[in-house]
Amino acid sequence: MGTSTEMSGIRPVTGADRDAWGRMRHALWPEGTLSEHQLAIERYLDGHRHEPRAVLLAVTDTDVPVGFAELSIRNIVDGCATDRVAYLEGWYVAPDARRQGVGRALITAAETWATGQGCVEFGSDTSIDNELSRVAHRALGFVETGRLCTFRKDLPPSAAMGAGPNSHVNSIDALAGTFRGAGTWHDEAGKSATYQIVQTNASTNDGFVVTFKHDFEDGSIVDARFAMIWLAPHLFRLEVEGAPVGNGCVFGGYCHYHMRVGESFVEASYRLMDDGLEVFGSSTRNAEGFYIAWRETLHRDASKP
C-alpha cells in the first residue's frame with residue numbers, strides 16, 4: 001500500500017479539512033446531500049458543537065484525511081448506567097485505508113478524548129443489518145446491549161401538539177408589521193456609519209417572512225427577503241430563495257436567528273419594544289473582510305397593517 005493511504009496519526013479536524021470531511025461524511029451517510037453535510041460542517045467549525053462535540057481525523061504522512069470519528073456526550077444511552085456517556089456518532093475509514101488499523105486508532109483516540117471529558121462509558125450504534133460494523137465494534141471491546149427497529153408516522157396538524165403554523169406557540173403576532181427606523185454599524189477597523197431601514201415581518205401558512213431595505217449613507221441599497229419555516233414549537237429554518245441557510249427561534253416578543261452567507265456567519269436578534277423593535281446583529285466578515293456588528297431602532301409604521 002502506498003504512502004498516500006498509510007495513516008501516520010490522529011488529530012482534530014480543522015477548517016482546512018472541510019472538503020475531505022464532507023466527502024467522507026457523504027460516503028458514510030449518503031442519504032444526506034453533500035450540501036447538507038457541508039452546512040453541518042460549517043456549523044461545527046463556527047463553534048456550534050453539541051453534536052458532534054469533537055471530530056478526530058486519521059491522516060496520512062502528507063496530512064491527507066483517510067478516516068474520521070465524530071463524538072458527542074449523551075445523558076441517556078440504552079444499556080449504560082451513567083448520565084454522561086461519550087458517544088460515537090460517526091466512524092468511517094476510506095476504502096483504500098481499511099484493514100490497516102485506522103479504525104482501531106480512531107477508537108483509541110476517541111476513548112482518550114472521552115476519559116478526558118470525565119466519561120466512564122462509551123456508546124455507539126449501527127444498523128441491524130450491518131454485520132461488518134457489529135463485528136468491528138465487538139473486536140474493539142464494545143458489548144452489544146440490544147437491537148431495535150424504529151418507526152415513524154406523519155400526524156395531521158391538529159394532532160401535532162399545538163406545533164402547527166397556526167399555533168400560539170408558533171406565532172409572530174407580537175413582531176408582525178412594518179417598521180421604519182435607523183441603524184448604525186461598526187467594524188473591527190474602527191469604521192462606522194448610519195443607515196435607514198424599512199422592514200416588514202409577516203406570517204405565512206408555514207412560518208413567516210422578513211423583508212427589509214437598508215439605505216446607506218454612500219447611496220448603496222441592500223434589499224433582502226428571508227423565509228422562516230416552522231420546524232417545531234418556537235423553532236424555524238431560515239431559507240433564502242428556497243435554500244436552507246440557517247435556523248432560529250421565536251419566544252413571544254423575541255426572535256433570534258443565525259445563517260451562513262457565503263463565507264460569513266451572520267446572526268441577528270429582534271426584541272419587542274413599546275412602539276417597535278430593537279435589533280442587534282453581527283457578521284464574521286463584511287465586504288472588506290472585517291468583523292462587523294450593528295444596532296437598529298425601529299418604530300412601528302401605523303399606516304401599514
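Rule-based calculations on the coordinates, nothing more; no lab input. Since the model is a prediction, treat every value here as computed from it, not as a measurement. When we count neighbours, we look across all protein chains shown, and the Cβ atoms used for this are built from the backbone with ideal geometry, even at glycine.
Taking square-rooted eigenvalues a ≥ b ≥ c of the alpha carbon gyration tensor, is segment 1-58 rounded, prolate or oblate, where a/c under 1.5 means rounded and, failing that, a/b exceeding b/c means prolate? Note, shape of segment 1-58 comes out oblate. Given Thr297, Tyr254, Gly177, which one lies farthest toward the positive end of the charge dipole of the chain, if we put +1 on the Cβ of every Lys and Arg and -1 on the Cβ of every Asp and Glu? Ranked along the dipole, the leading option is Tyr254. Across segment 150-155, coupling constants 3J(HN,Hα) worked out from phi with the 6.51/-1.76/1.60 Karplus curve, θ = phi - 60°, read 9, 9, 8, 8, 6, 10 Hz, and Gly and Pro carry x.
Label separation (Tyr254 vs Leu28): 3.5 nm, computed from points 7 Å beyond Cα along the C-beta direction. Extension gain for Gln196-Asp215 works out to 6.3 nm (0.36 nm per residue, less the C-alpha to C-alpha distance).
Can you compute the helix-only [θ] at 222 nm over the chain? Use -39500 (n - 2.57) per DSSP H run of at least 4 residues, normalise by all residues, nearest 500 deg cm²/dmol. After summing the helix terms and dividing by residue count, I get -5000 deg cm²/dmol. Charges were assigned to the Cβ only: +1 to each Lys and Arg, -1 to each Asp and Glu. The resulting dipole of the chain about its Cα centre is roughly 560 debye.
For segment 291-300, 3J(HN,Hα) computed residue by residue from phi via the Karplus equation (6.51, -1.76, 1.60; θ = phi - 60°) reads 5, 9, 9, 8, 9, 10, 10, 10, 10, 5 Hz, glycine and proline entered as x.
Amide H contacts under 5 Å for Ser8: Val59, Thr60, Asp61, restricted to partners 5 or more places along the chain or on a different chain, H placed in the peptide plane at 1.01 Å from N. For Asp301, the residues 5 or more places off, or on other chains, whose built amide H falls under 5 Å of its own are Thr178, Phe179, Arg180. In this simple spin-label approximation, Leu132 and Glu263 carry label points 7 Å from Cα along the Cα→Cβ vector, and these lie 3.8 nm apart. Treating r as the C-beta distance of Asp78 and Thr108 and R0 as 25 Å, the FRET efficiency rounds to 0.55. Once backbone amide H atoms are built at 1.01 Å from N, Phe265 has Thr284, Arg285 as its partners under 5 Å, excluding neighbours fewer than 5 places away on the same chain.
Placing a label point 7 Å from the Cα of Ala182 along the Cα-to-Cβ line, the residues of segment 277-299 whose backbone N sits under 15 Å from it are 295-299. Please say if segment 173-300 is rounded, prolate or oblate, where rounded means a/c under 1.5 for a ≥ b ≥ c the square roots of the C-alpha gyration tensor eigenvalues, and otherwise the choice is prolate for a/b larger than b/c and oblate otherwise? It is oblate, given that a/c is not under 1.5 and a/b is not larger than b/c. Which option, (i) 13.5; (ii) 20.2; (iii) 22.3, is the value of mean projected area of the Cα convex hull in nm² that was calculated from these coordinates? Here mean projected area of the Cα convex hull in nm² agrees with entry (ii). Positive-end ranking of Leu231, Val209, Ile197 along the dipole of segment 165-288, with charges on Cβ about the Cα centre, is headed by Leu231. Take every Cα pair under 8 Å whose residues are at least 6 apart in sequence, average their separation, divide by the length of segment 7-139, and the relative contact order is 22 percent. The largest-to-smallest principal axis extents of the Cα set in segment 7-139 are 39, 34, 29 Å.
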